[in-house]
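Novice: Sharing a structure, written as structure tokens. Questions coming.
The values are calculated or read from the model by the stated rules, or taken from the named source; none is laboratory data. Since this is a predicted model, take the numbers as computed values, not measurements. Cβ placement follows ideal geometry from the backbone for every residue including glycine, while neighbour counts extend to all protein chains displayed. Protein only, heavy atoms only, side chains kept; ligands, DNA and RNA dropped before computing areas. Shrake-Rupley method; radii C 1.70, N 1.55, O 1.52, S 1.80 Å.
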Amino acid sequence: MSQFSFKQFTITQDESAMKVGTDGVLLGAWCHVDSSAKRILDIGTGTGVIAIMLAQRAPQARITGIDIESVGEARRNADASPWGDRLEMVQTAVQEYAPDTRFDLIVSNPPYFLDSLKCPQKERTTARHTDSLSFEELCGAAARLLSPEGHFAVVLPVNEGHKFVKTALTRFNPVRRTEVKTTPRRGAKRVLLEFQLLGATTPSADFVQEELIIGTGEHECYTEAYKSLTRDFYLKFE
């Protein structure tokens, strides 16, 4: 059995095509969670790791994870966590998802390979190619499902992030951007992006641009900023 253990929960990942990785953990720890948030949506939930992280961070919120693939493993991971009663997992395409209320926060670690060759493993291909969920469709769904005062956050490779922002600007204002480097000497590999709807009820005053460096460059040595961001989750950080 393949498992990944966090401080307060464990993720079993035998069935999901995309295993627990740095991208998802970064998004789950980084995204803005308002203390008043009541409904949170994780699009493309996979193992459920981001949804479960958000259940830990938002003790008053109900969190829904949706995925076009099976959500059985995500449901079992949710039930095994301390917050199973606040976690719902739904198998559906987000383009067809029609809940009875909007969400205060929407997050997604979306498919992002726009033009690259597809790998033989069907499930992994679906998880990483935009065939089943284009950037335009994701932005449209998020705009439809987000509350007027809500936030929408994604994590992407830097190049795809530029393309995503161009698509998002027809519906959203960017409010926060963090470029992620693995070490100080390497260029940014990932970008964390957060948006609000155009005409949001309580728009952010200023656009925030930041940089996060994960490692110092020494083997298994991490920066204080990365440890501070992920300390509530990773066992290796006290």
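Novice: So, in region 181-210, how many residues would count as being of a type in the set (Asp, Glu), surrounded by fewer than 17 Cβ atoms within 10 Å (Cβ to Cβ) and closer than 20 Å to residue 109 by Cβ?
Specialist: 1
Novice: As an exercise: evaluate residue 235 against (1) under 27 Å from residue 3 (Cα atoms); (2) touching a residue at least 60 places away in the same chain (Cβ under 8 Å); (3) of a type outside the set (Lys, Arg); (4) surrounded by 12 or more Cβ atoms within 10 Å (Cβ to Cβ) and give the number of the one condition it does not meet.
Specialist: Among (1) under 27 Å from residue 3 (Cα atoms); (2) touching a residue at least 60 places away in the same chain (Cβ under 8 Å); (3) of a type outside the set (Lys, Arg); (4) surrounded by 12 or more Cβ atoms within 10 Å (Cβ to Cβ), the lone unmet condition for residue 235 is (4).
Novice: Moving on to the next point. For region 31-48, what are the residues that are within 9 Å of the chain's Cα centre (by Cα) and either hydroxyl-bearing (Ser, Thr, Tyr) or open to solvent by 10 Å² or more (accessible area, probe 1.4 Å) (or both)?
Specialist: Answer for region 31-48, where residues must be within 9 Å of the chain's Cα centre (by Cα) and either hydroxyl-bearing (Ser, Thr, Tyr) or open to solvent by 10 Å² or more (accessible area, probe 1.4 Å) (or both): 44, 45.
Novice: Go through (1) under 27 Å from residue 157 (Cα atoms); (2) at pLDDT below 95; (3) among the charged types (D, E, K, R) one by one and return the number of the condition residue 42 breaks.
Specialist: (2)
Novice: Hey, another quick one. Looking only at region 170-180, how many residues end up being in contact with a strand residue (DSSP E or B) (Cβ under 9 Å, 6 or more places away or on another chain) and either assigned to a helix (DSSP H, G or I) or open to solvent by 30 Å² or more (accessible area, probe 1.4 Å) (or both)?
Specialist: Summing the residues that are in contact with a strand residue (DSSP E or B) (Cβ under 9 Å, 6 or more places away or on another chain) and either assigned to a helix (DSSP H, G or I) or open to solvent by 30 Å² or more (accessible area, probe 1.4 Å) (or both) in region 170-180 gives 5.
Novice: Here's another thing I want to ask about it. Which residue is surrounded by the most Cβ atoms within 10 Å (Cβ to Cβ), if the candidates are limited to region 15-30 and must be within 16 Å of residue 70 (Cβ to Cβ) and not hydroxyl-bearing (Ser, Thr, Tyr)?
Specialist: My answer is 18.
Novice: Now for a different question. Take region 66-94 and flag every residue that is closer than 22 Å to residue 140 by Cβ, of a type outside the set (D, E, K, R) and touching a residue at least 40 places away in the same chain (Cβ under 8 Å).
Specialist: Listed by number, the residues that qualify are 68, 93, 94.
Novice: Okay, moving on. Taking only pairs six or more apart or across chains, which ones have beta-carbon atoms under 8 Å, a first residue in region 134-157 that is under 20 Å from residue 26 (Cβ atoms), and a second residue that is part of a helix (DSSP H, G or I) and of a type in the set (Lys, Arg)?
Specialist: Going by the 8 Å Cβ cut-off, the qualifying pairs are 135/163.
Novice: I would also like to ask the following. Quick check on my filter: what residues within region 20-39 are of a type outside the set (Phe, Trp, Tyr) and in contact with a Ser or Thr (Cβ under 7 Å, 6 or more places away or on another chain)?
Specialist: Within region 20-39, 20, 25, 29, 39 qualify.
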